[in-house]
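Visitor: Got a structure for you, written out below as structure tokens; questions coming shortly.
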Amino acid sequence: MFKRYRRLRINETLRGLVAETTLSKNDFIYPLFVREGEGIKTEVSSMPGVFQMSIDEILKECEYLISIDLKAIILFAIPDVKDSVGSECLCEESIISRTIRAIKEKYPEMFVVTDLCFCEYTDHGHCGILDPVSQTVDNDKTLEISAQQAVIHAKAGADMIAPSGMMDGIIETLRTALDANGFENLPIMSYSTKFASSYYGPFRDVAESTPSFGDRRSYQMNPANRLEAIEESLEDERQGADILMVKPALSYLDIIRDIRNESRLPLCVYNVSGEYAMLKNAGAAGLIDYEKVMMETLMSFKRAGANLIITYHAKEACELLNS
Ligand code: PBG
Ligand code: ZN
């Protein structure tokens, strides 16, 4: 006697009824890149379909996103002026603050997450203030200015803060600063387990945030480490993170599952630029059915245990789910 598994695969409806994992428009957060100017919408060659946009274009984009029921974005800014400590993001007239205010004024229903880091704002491209001797990022000095940046994002109207710099103690620092400024209800989504990955290459073209020397291996995680990956996320949970994250996604599905099994917090996954670029280029070359591979890939993140997905595919996925 053998079991006939094919009985439950006989037609679309039955397959749907027994499906263990589903994708929905609620799962996605869509990254947007804002820069100074007007009428600017520049496609980045390494990431087809991803643009640097001025605020007016960001607003048009938000209108469209809402029309397809995609209501969560994560904002990255590309400032005109950079310096050694990233001062541009520490004032209330910074490009990121103006963008948040413009979006929330016109589209209050848009859920605006802000990426909190310094690599876009520093002239050296590292994720914080450099120690003059070691030339690595000074953890605790970076915590101080991160707290300032968080409060600025909050005052501008951000709905959630997502620190991505991999500084130790960042969650406790931000929670304390936000609470002290009356933002105790503002959630923090930690880039809690973020690897030093080569899959970030295209992002650094879009965000213009490539380090001018060295790499990020003294603060981002070694891709070889599984136990440390769990520890990093659990520590951020202990410090008060509301949502945890694994980044990148596709090469780290085991880590998503590990953290899912160890924590009961919502878990986000960041499907990063290099992963997106690979699918886009393989699709354009006629090597794969782009839409099908995209949906299969996004599904794999949910099956691995992710609840939220930051992805450059979000717009296309929602369009597909609507059709
Ligand atoms: C900034 C940041 C990076 C990404 C998100 N926030 C780049 C990096 O750490 O170098 C990568 C996103 C992507 O590749 O899509 N700290
Ligand atoms: Zn950074």
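Visitor: How large is ³J(HN,Hα), in whole Hz, for each residue of segment 316-322 in order, when computed from phi with the Karplus curve 6.51 cos²θ - 1.76 cosθ + 1.60 and θ = phi - 60°, using x for Gly and Pro?
Guide: 5, 5, 5, 4, 5, 5, 7
Visitor: Helix 170-180 versus the longest principal axis of the chain: what is the Cα-based angle in degrees, 0 to 90, to the nearest 10?
Guide: For 170-180 against the chain, the angle is about 70 degrees.
Visitor: Give me the angle, in degrees from 0 to 90, between the Cα long axis of helix 227-239 and the longest principal axis of the Cα atoms of the chain, rounded to the nearest 10.
Guide: Around 60 degrees separate the two axes.
Visitor: Quote to one decimal, in nm, the extra length available between N26 and I68 on full extension: 0.36 nm per residue of separation minus the C-alpha distance between them.
Guide: Value of the extension gain: 14.0 nm.
Visitor: Residue by residue through segment 130-140, what is 3J(HN,Hα) from phi via Karplus (6.51 cos²θ - 1.76 cosθ + 1.60, θ = phi - 60°)? Round to whole Hz and write x for glycine and proline.
Guide: Whole-Hz 3J(HN,Hα) from phi for segment 130-140: 7, 6, x, 7, 7, 6, 10, 6, 6, 4, 6.
Visitor: Before I look further, what does segment 22-322 give for accessible area per residue, probe 1.4 Å, in whole square angstrom?
Guide: 40
Visitor: Determine the sum of side-chain charges near F111: Lys and Arg each +1, Asp and Glu each -1, restricted to other residues whose C-beta is under 9 angstrom from that of F111.
Guide: Local charge sum for F111: -1.
Visitor: Going by the alpha-carbon gyration tensor, a ≥ b ≥ c the square roots of its eigenvalues, is the chain rounded (a/c under 1.5) or, if a/c is not under 1.5, prolate (a/b greater than b/c) versus oblate?
Guide: prolate
Visitor: Got a sec? Charge dipole of the chain, +1 on Cβ for Lys and Arg, -1 for Asp and Glu; which of N307, N139, Y191 is way out at the positive end?
Guide: It is N307, whose Cα lies furthest towards the positive end.
Visitor: About its Cα centre, how strong a charge dipole does segment 22-322 have in debye, to the nearest 20, once Lys and Arg get +1 and Asp and Glu get -1 at the Cβ?
Guide: Details: 28 positive and 47 negative charges, 141 e Å.
For this selection, approximately 680 debye.
Visitor: For the chain, what is the calculated [θ] at 222 nm in deg cm²/dmol (nearest 500), taking -39500 (n - 2.57) for each run of four or more DSSP H residues and dividing by its residue count?
Guide: Computed mean residue ellipticity for the chain: -12000 deg cm²/dmol.
Visitor: Cβ neighbours within 10 Å, averaged per peptide: list 256-264, 303-311 in order, most packed at the top.
Guide: Listed from highest to lowest mean packing, they are 303-311, 256-264.
Visitor: If you fit an axis through the alpha-carbon atoms of helix 95-106 and take the longest principal axis of the Cα set of the chain, what angle between them do you get, 0 to 90°, nearest 10?
Guide: Approximately 60 degrees, to the nearest 10.
Visitor: State whether segment 185-235 is rounded, prolate or oblate according to the following rule on the C-alpha gyration tensor (a ≥ b ≥ c being the square roots of its eigenvalues): a/c under 1.5 gives rounded; otherwise a/b larger than b/c gives prolate, and the remaining case gives oblate.
Guide: Judged from the Cα gyration tensor, segment 185-235 comes out oblate (a/c at least 1.5, b/c at or above a/b).
Visitor: What is the gain in length, in nm to one decimal, between E291 and L8 on full extension, counting 0.36 nm per residue of separation less the C-alpha to C-alpha distance?
Guide: The E291-L8 span can extend by a further 99.4 nm.
The values are calculated or read from the model by the stated rules, or taken from the named source; none is laboratory data. Computed from a predicted structure; not experimentally measured. Please note: Cβ atoms are built from the backbone with ideal geometry, for glycine as well, and neighbour counts cover all protein chains shown. Ligands, DNA and RNA are excluded from the accessible area calculation, which covers all protein heavy atoms including side chains. Shrake-Rupley method; radii C 1.70, N 1.55, O 1.52, S 1.80 Å.
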